[in-house]
Amino acid sequence: MKKTLTTIIFLISITCFSQDLNKETHYYFQGNQITKTQFESFDNRKIYTRTIENDSLIIEKIYLHKSIGKLDSIQLKQVTMFLTKIIGSEFNQEKKTMIHLYRENDKNIYSDSKYKKYWKWIKNNSKRYQSFLIGTKDSQIEPNKKKHIYLDQYDLIEKLFFQSSDFKINHILIKPNGEIYIYFGLNDILHALDWSVD
């Protein structure tokens, strides 16, 4: 009986393993199919991947951490009004605004509020840049203006820019002319800022 059971388990595992070997893999970037060589040539620091798998096929999709867009004048006005409501008088719509959005109440927001190198750069460039750490409604983050920590009670920032993101921390730079840089993931706020500075 034990031999029969062992044989059955062995055959099932071989069958399952061999199905994985026979699966065809397709690679995509920005909706276009690419080769495996092209897929492997991307810089892992600038991308993240998602894998979709079924019985016969594996699909590997590449997404960039950084996306560039532009708000029209009405959208820009709505976003700046909303940020003024969250942040108050400290928000200046004439400056480039860096927002770091935290979905969960983890220690990153508090350590980021003490990130000396980051905040020193913001202070030294305060005529052109401002930065805020914002938690989502369900993050249970306690606002603290002195530490640049705020709460988006309506989750508008997440709904507008990060609804499709799988990451706990996301970032956006909003320029006064409406140009936006969106960053999905990136745990280091200084890294997101470095990608934003022009």
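Brief remarks follow.
- A simple rule links phi to the HN-Hα coupling: the Karplus curve 6.51 cos²θ - 1.76 cosθ + 1.60 with θ = phi - 60°, which for the range 169-176 gives 10, 9, 9, 8, 10, 10, 8, x Hz, with x for Gly and Pro.
- Simple Cβ-charge dipole of the chain, Lys/Arg +1 and Asp/Glu -1, about Cα centre, in debye nearest 20: 840 debye
- 1.4 Å probe accessible area per residue over the range 53-198, in Å²: 56 Å²
- Annotation: Cα Rg of the range 21-64 relative to the compact-globule expectation 2.2 N^0.38 Å equals 1.13.
- Where labels lie 7 Å past Cα in the beta-carbon direction, separation of LYS23 and SER67 in nm: 2.6 nm
- Between ILE122, LEU133, ILE157, the Cα set farthest toward the positive side of the dipole of the range 114-198 (charges on each charged residue's Cβ, about the Cα centre) is that of ILE122.
- Extension gain for LYS77-ASN187 works out to 36.7 nm (0.36 nm per residue, less the C-alpha to C-alpha distance).
- Under-5 Å amide H pairs with SER131, H placed in peptide plane, nonlocal only: MET98
- Placing a pseudo-label 7 Å from each Cα along the Cα-to-Cβ vector at ARG45 and LYS107 gives an inter-label distance of 2.6 nm.
The values are calculated or read from the model by the stated rules, or taken from the named source; none is laboratory data. Because the structure is a prediction, the values reported are computed rather than measured. Every residue, glycine as well, gets a Cβ built from its backbone with ideal geometry; the counts of neighbours run over all protein chains shown. Just so you know, the surface numbers come from the protein's heavy atoms only, side chains and all, with ligands and any DNA or RNA stripped out. Shrake-Rupley method; radii C 1.70, N 1.55, O 1.52, S 1.80 Å.
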